[in-house]
Amino acid sequence: MEEFRKKKLEELAKSQKHVYKYEFESPYFIHEIREKYEKEPRKDKIVVKATVKRVSKLDDGFVLRIASSSGLEMLAYTKESFEPNKTYNIEGILSRVDEKLSLIDAKVSTNEPNTTIDDIKKEFDLDPNFEDVSIAGRLVALRSMGKAIFGHIQDFSGKLQIYIKKDVVGDEKFKFVEDFLDVGDIIGVKGKLFRTHTGELTVEVFDIELLTKALNNMPEKWHGIKDVEIKYRQRYLDLIANESSRKVFVLRSKIIKALREFFDKNKFMEVETPILQPIASGATARPFITYHNYLESELYLRIAPELYLKKLIVGGIPRVYEIGKNFRNEGVDTTHNPEFTMVEFYAAYWDYKKLIKFTEELFDYLIEATNIDKVHTENGIINLKPPFRVAKFFELLEEKTSKDKKFFLHHEEELKKFAQELGIPRAYTLPKAKLIEKVFEYTVEDELVQPTFIIDFPKILSPLAKTHREDDELVERFELYINKKEIANAYSELNDPEDQAKRFLEQKLQKATGDEEAMETDDDFVEALKYGMPPTAGEGIGIDRLVMLFANVDSIRDVILFPATRKIE
RNA sequence: GAGCCACUAGCUCAGCUGGUAGAGCAACGGACUUUUAAUCCGUGGGUCGGGGGUUCAAGUCCCCCGUGGCUCACCA
């Protein structure tokens, strides 16, 4: 804790000023105020004549503060080196970065100026005309100029400059600000909006109030929080300091909201099924175990909601979806968190072909909602706009290995040998189903960068999927791969109770031969099927991975607010 | 679970073959009424992740432990 701040707190208490206020009238978020007076540029390429006032180094290039002859300023992001105090014709793409009008990809231009900073400002930064505002936020910067003080307040939606003049707020208030306010404090201000001569939207403050004192120092303003350990364990600091992080979680919220809208629009009903389950089935994964004192029995945190949702289809709900967490007791890495969010949905009278179309419609909807239809990854530009490629599981395998379906399903010894040659560890001890999966991973997965539906999986990999109508050894199932990651998994649901019982039995046998992740038998589910489940298709989409895709981040921990971390001793 | 790498001021980072622990921002004192990574002058700040060892001397070399990252294994 900061000693000086503590002292300020004590002094304030002595003078009977409340340091932790109860409320403040603040009808708008900061972004709503900015929205009124700031138009979004359309990313046109422009050329302006400007003088470079300051050059600041970034990790990747420079930021320039450039000014017109009349003194209006804007920022320019560049990779080229510019000399301060020189005048250039600068071209770049007009956009808004960190709330400020900026040129991106700026460079020295041989073209004549086609506009001026003054004209641009007039068009996109409107005159607020001294509107009265009352607004609260965290003080994130404070620059004292003697008898005037500039600062910035920030809320989750944005940042706004404040300007405190001694002869406007009065000697007493001004001294209070000088003596007691620190960067990090939560404050409320009342004042009127104007633009400074460099054009920044600013509140000229006539009243200012300390609402909450911050005792700890804030993270550094320029570099933000980089230490991933602090980012994950103290996410609030990450959210205060890093705009990029705020953006990711806003995007996540947008995506989940869009999913709900999309399902609601398509007449799906949202439900909740148990997280504490007596049998952890519906997927192949190891569960967390917990204990219920009253029932005197072990319970599992669910690894999938699948079987419960299908029971609801039996119960007559024609279309259901659930957005919620699954828990899997497995390793943690950049694509796996022990608890993760999925949407699972089931529709009676549909089959997996209908789901392919439906999934494409869903992506169309997400593209519209997020305004993102392409992502630039290290694997190249991924185009998220449907329609997507459709490819058969065994055809892809055959393309890469020149071995056919028969080889994989009926020549186990040779398959083992082949797997060994591919470098798959412990090839001789793995069960056949695992081997096929592994070979697929080793040979095909790397090429699945653009969105691809892989269809028609082998039956032995899919104990809950319906047998393929044209091939008894396959099931009607697809997985959607994007950027080498599985994003969705879907199938025509198996609704023959006897077949289902048989498949569970096969899983049991696999478990007996050492496959720890083989699926648990759920007799209640088989019982439900005996009452008749209409033909149904179902799908699960990993929301964390979906957000990773749209946000273009590499680690699942960057899209989960509080990812799993080890306890610090 | 295995291998490699990292951990230094509140934050971001320097610190070579062992020789009195550094910078920028933040903080503290001062100047400045349109600044904006403000500027200018001055000041304080450290169990170098923890523990042990080698040495006249360890942030630096060795061993153990902790946390994290990457790769692999496991897994969606």
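The values are calculated or read from the model by the stated rules, or taken from the named source; none is laboratory data. Since the model is a prediction, treat every value here as computed from it, not as a measurement. Neighbour counts run over all protein chains shown; Cβ positions are idealised from the backbone, glycine included. Only protein heavy atoms, including side chains, enter the accessible area calculation; ligands, DNA and RNA are left aside. Shrake-Rupley method; radii C 1.70, N 1.55, O 1.52, S 1.80 Å.
Being open to solvent by less than 20 Å² (accessible area, probe 1.4 Å) and in contact with a Ser or Thr (Cβ under 6 Å, 6 or more places away or on another chain) is the filter here; which residues of region A:348-360 pass it? Those that are open to solvent by less than 20 Å² (accessible area, probe 1.4 Å) and in contact with a Ser or Thr (Cβ under 6 Å, 6 or more places away or on another chain): A:Ala348, A:Tyr352. A:Gln500 meets all of the listed conditions (1) more than 29 Å from A:Asp544 (Cα to Cα); (2) within 16 Å of RNA strand B (Cβ to nearest atom); (3) open to solvent by less than 20 Å² (accessible area, probe 1.4 Å) but one, namely (2). Inside region A:166-181, residues that are open to solvent by 60 Å² or more (accessible area, probe 1.4 Å) and either more than 9 Å from RNA strand B (Cβ to nearest atom) or closer than 21 Å to A:Ile30 by Cα (or both) make up a count of 4.
The set of residues in region A:199-227 that are open to solvent by less than 80 Å² (accessible area, probe 1.4 Å), within 11 Å of RNA strand B (Cβ to nearest atom) and farther than 23 Å from A:Glu73 by Cα comprises A:Ala214, A:Met218, A:Pro219, A:Gly224, A:Ile225, A:Asp227.
Of the candidates A:Ala537, A:Ala518, A:Ala490, A:Ala528, the single residue that is touching a residue at least 60 places away in the same chain (Cβ under 8 Å), assigned to a helix (DSSP H, G or I) and open to solvent by less than 30 Å² (accessible area, probe 1.4 Å) is A:Ala528. Just so you know, in region A:60-71 the residues that are assigned to a loop (DSSP other than H, G, I, E, B) and more than 9 Å from RNA strand B (Cβ to nearest atom) include one that is modelled with the highest pLDDT, and it is A:Ser68.
Is region A:232-244 home to any residue that is within 26 Å of A:Lys8 (Cβ to Cβ), within 13 Å of RNA strand B (Cβ to nearest atom), small (Gly, Ala, Ser) and free of Cβ contacts under 8 Å to residues at least 60 places away in the same chain? Checked against the condition, which is being within 26 Å of A:Lys8 (Cβ to Cβ), within 13 Å of RNA strand B (Cβ to nearest atom), small (Gly, Ala, Ser) and free of Cβ contacts under 8 Å to residues at least 60 places away in the same chain, region A:232-244 yields at least one hit.
Each row is one residue, and each column tells you yes or no for (1) in contact (Cβ under 8 Å) with a residue 12 or more places away in the chain; (2) in contact with a Pro (Cβ under 7 Å, 6 or more places away or on another chain); (3) in a loop (DSSP other than H, G, I, E, B).
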residue	(1), (2), (3)
A:Glu421	no, no, no
A:Lys434	yes, no, no
A:Gln450	yes, no, yes
A:Ile454	yes, no, no
A:Ile460	yes, no, no
A:Arg469	no, no, yes
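Screening region A:410-444 for residues that are surrounded by fewer than 18 Cβ atoms within 10 Å (Cβ to Cβ) and of a type in the set (Phe, Trp, Tyr) and picking the one that is modelled with the lowest pLDDT gives A:Tyr428. Quick one: how many residues across region A:482-501 are closer than 17 Å to A:Gly538 by Cα and of a type in the set (A, V, I, L, M)? Residues in region A:482-501 being closer than 17 Å to A:Gly538 by Cα and of a type in the set (A, V, I, L, M): 4 in total.
One line per residue, one yes/no per condition, for (1) of a type outside the set (Phe, Trp, Tyr); (2) touching an Asp or Glu at 6+ places or on another chain (Cβ under 9 Å); (3) open to solvent by less than 100 Å² (accessible area, probe 1.4 Å); (4) more than 16 Å from RNA strand B (Cβ to nearest atom):
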| residue | (1), (2), (3), (4) |
| --- | --- |
| A:Lys14 | yes, no, no, yes |
| A:Lys43 | yes, no, no, yes |
| A:Ile46 | yes, yes, yes, yes |
| A:Arg54 | yes, no, no, no |
| A:Leu58 | yes, no, yes, no |
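Scanning region A:114-139 for residues that are buried (at least 17 other Cβ atoms within 10 Å of the Cβ) and touching a helix residue (DSSP H, G or I) at 6+ places or on another chain (Cβ under 8 Å) yields a total of 6. State which residue is surrounded by the most Cβ atoms within 10 Å (Cβ to Cβ) when the search covers only region A:80-94 and only residues that are modelled with pLDDT under 90 and in contact with a Lys or Arg (Cβ under 8 Å, 6 or more places away or on another chain). Of everything passing the filter in region A:80-94, A:Glu80 is surrounded by the most Cβ atoms within 10 Å (Cβ to Cβ).
The number of residues in region A:243-282 being in contact with a helix residue (DSSP H, G or I) (Cβ under 7 Å, 6 or more places away or on another chain) and either farther than 25 Å from A:Leu561 by Cβ or open to solvent by less than 60 Å² (accessible area, probe 1.4 Å) (or both) comes to 14. Among the residues of region A:300-327, those identified as away from RNA strand B (no atom under 16 Å from the Cβ) and open to solvent by 20 Å² or more (accessible area, probe 1.4 Å) are A:Tyr308, A:Lys311, A:Leu312, A:Val314, A:Gly315, A:Gly316, A:Ile317, A:Pro318, A:Arg319. The requirement of being among the polar types (S, T, N, Q) and either more than 13 Å from RNA strand B (Cβ to nearest atom) or without any contact (Cβ under 8 Å) to a residue 12 or more places away in the chain (or both) is fulfilled somewhere in region A:126-137, by at least one residue.
Which is surrounded by 19 or more Cβ atoms within 10 Å (Cβ to Cβ) and part of a strand (DSSP E or B), of A:Phe394, A:Phe345, A:Phe363? Of the residues listed, the single one that is surrounded by 19 or more Cβ atoms within 10 Å (Cβ to Cβ) and part of a strand (DSSP E or B) is A:Phe345. Among the residues of region A:182-198, those identified as within 9 Å of RNA strand B (Cβ to nearest atom) and not hydroxyl-bearing (Ser, Thr, Tyr) are A:Asp182, A:Val183, A:Gly184, A:Phe194, A:Arg195, A:His197. Taking each residue of region A:549-569 that is farther than 30 Å from A:Asn383 by Cα and looking for partners that are assigned to a loop (DSSP other than H, G, I, E, B) and modelled with pLDDT of 90 or more with beta-carbon atoms closer than 8 Å, six or more apart or interchain, yields A:Ala564/A:Asn337; A:Ala564/A:Pro338.
Per this entry, A:Lys159 is counted among residues that are touching a helix residue (DSSP H, G or I) at 6+ places or on another chain (Cβ under 7 Å), at pLDDT 90 or above and either open to solvent by less than 30 Å² (accessible area, probe 1.4 Å) or not small (Gly, Ala, Ser) (or both). Scanning region A:551-569 for residues that are touching a strand residue (DSSP E or B) at 6+ places or on another chain (Cβ under 7 Å) and more than 11 Å from RNA strand B (Cβ to nearest atom) yields one hit, A:Asn552.
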